[in-house]
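Trainee: If you scroll down you'll find the structure; I have some questions about it.
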Amino acid sequence: MSQNWKILNKEAVFNGYFQVYKYRLQHTRYDGGLTPAFDREVFERGHAVVVIPYDHALDSTLLIEQFRPGVLGSDESPWLTEFIAGIIDPGETEEAVAHREASEEANCTLKNLHHITRYFVSPGCMTETMSLYLAEADLSQAGGVFGLEEEAENIRATVVPLQEAFARLERGEINNAMALIGLQWLQLNYQTLRDSPGVFFPQT
């Protein structure tokens with residue numbers, strides 16, 4: 001079938017720290033017809049980069065912990081364990097975001113970057129995508145509490161051996177998409193990363 005859609009109307013309904021738009025939409029059906037026109041609010045958050053620092057010598061990664069207000073509607077703790085991440089500013093490259101956020105959130109210097117994937121965070125209601133990267137990093141002196149004061153950030157960075165990180169994943173202690181996807185990718189690619197890191201970080 002030919003898949004098509006129409007944006008019949010789009011209006012801003014909220015403009016604050018983030019933006020929300022109300023769309024009036026119509027799209028083709030699998031039987032060849034058209035849906036009735038319907039309304040959906042869409043959260044415009046921008047696009048983000050996530051980076052997995054990896055220290056081959058230590059066989060370790062770096063995880064951060066910070067407060068996340070979106071969790072307040074549940075019975076879970078709002079302090080989440082994640083990877084380094086940040087929103088892409090206008091005119092900024094994904095690689096620049098990875099380096100900037102590594103410095104701001106963990107005082108960590110990245111070397112080579114390897115792009116893993118790009119995924120939609122919550123496509124039913126949000127425009128945001130995440131670009132996931134693996135990066136070489138020297139984590140021997142990493143760790144501590146960081147973040148930008150003007151953004152009320154209070155971020156704890158911890159160097160974690162990969163086997164310990166995998167155990168935390170299997171115990172169900174990791175409960176956000178960026179960390180789940182990143183750690184599962186590390187599990188799937190662990191042997192190659194240990195034995196043949198040049199597959200991800202070609203030497204020039």
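Trainee: Where does the chain land at 222 nm, in deg cm²/dmol rounded to the nearest 500, when only DSSP H runs of n ≥ 4 count, each adding -39500 (n - 2.57), divided by all residues? Write out the running numbers ahead of the final one.
Mentor: Values: 3 runs with 41 residues, N = 204.
For the chain, the value works out to -6500 deg cm²/dmol.
Trainee: Identify the trypsin sites (Lys or Arg not before Pro) of the stretch 143-204 meeting these criteria: DSSP loop state and at most 12 other C-beta atoms within 10 Å of the C-beta.
Mentor: Here the sparse-neighbourhood loop sites are 171.
Trainee: Mind checking which aspartates and glutamates have their Cα closer than 13 Å to the Cα of residue 22? Skip sequence neighbours fewer than 8 apart in that chain.
Mentor: Partners found: 11, 39, 41, 44.
Trainee: Here's another thing I want to ask about it. Per Stokes-Einstein, at 10 °C and 1.306 mPa s, what whole-number D in µm² s⁻¹ belongs to the stretch 53-191, with the Kirkwood radius over Cα pairs as the hydrodynamic radius?
Mentor: Numbers: Rh = 15.6 Å.
Once the numbers are plugged in, D ends up at 101 µm²/s.
Trainee: Let's test the formula: R0 of 41 Å, r as the Cβ-Cβ distance of residue 153 and residue 34. What FRET efficiency results, to the nearest 0.05? It would help to have the intermediate numbers written out before the result.
Mentor: Details: r = 46 Å, r/R0 = 1.13.
Result of the calculation: an efficiency of 0.30.
Trainee: What does the extension gain come out to for residue 112 and residue 5, with contour length at 0.36 nm per residue minus their alpha carbon separation?
Mentor: On the way: separation 107, 0.36 × 107 = 38.52 nm, distance 4.03 nm.
Full extension of this stretch gives 34.5 nm more.
Trainee: Could you work out how much longer the chain between residue 56 and residue 188 gets when fully extended? Use 0.36 nm per residue separation minus the Cα distance between them, nm to one decimal.
Mentor: 45.9 nm
Trainee: Shifting gears a bit: Only sites in a loop by DSSP and with at most 11 other Cβ atoms within 10 Å count here; which chymotrypsin sites (Phe, Trp or Tyr not before Pro) in the stretch 139-204 make the cut?
Mentor: none
Trainee: Oh, and also: Express in % the proportion of alpha carbon pairs of the stretch 12-76 at distances exceeding 15 Å.
Mentor: On the way: 1578 of 2080 pairs.
Value for the stretch 12-76 (Cα pairs over 15 Å): 76 percent.
Trainee: I would also like to ask the following. Pick out, in residue order, every one of the GluC sites (Glu not before Pro) in the stretch 138-186 that is DSSP loop and has at most 11 other C-beta atoms within 10 Å; say none if there are none.
Mentor: On the way: sites: 149, 150, 151, 153, 164, 170, 173; in loops: 153, 173.
Within the stretch 138-186, the qualifying GluC sites (Glu not before Pro) (loop, at most 11 other Cβ atoms within 10 Å) are 173.
Trainee: Could you go through the stretch 155-161 in sequence order and give the Karplus-derived ³J(HN,Hα) for each residue, using 6.51 cos²θ - 1.76 cosθ + 1.60 with θ = phi - 60°, rounded to whole Hz, and x for Gly and Pro?
Mentor: Rounded to whole hertz, the list is 10, 9, 9, 9, 7, 10, x.
Trainee: Now for a different question. Can you give the net charge of the other residues whose Cβ lies under 14 Å from the Cβ of residue 19, counting K and R as +1 and D and E as -1?
Mentor: Numbers: positive: 10, 22, 45; negative: 11, 41, 44, 128.
Result for the neighbourhood of residue 19: -1.
Trainee: Given that compact globular proteins tend to follow 2.2 N^0.38 Å, what is the ratio of the alpha-carbon Rg of the stretch 1-122 to that value? Intermediate results must be reported in sequence, preceding the final value.
Mentor: Details: Rg = 19.6 Å, N = 122, 2.2 N^0.38 = 13.7 Å.
Against the empirical 2.2 N^0.38 Å value, I get 1.44 for the stretch 1-122.
Trainee: Same structure, new question: I'd like the Karplus ³J(HN,Hα) series for the stretch 30-37: coefficients 6.51, -1.76, 1.60, θ = phi - 60°, whole numbers in Hz, and an x wherever there's a Gly or Pro.
Mentor: 5, 8, x, x, 10, 6, x, 5
Quick note: the coordinates plus some simple rules give every number you see, no bench work behind them. Since we're looking at a predicted model, the values are computed, not measured. Virtual Cβ from ideal backbone geometry, glycine too; neighbours counted across all protein chains shown.
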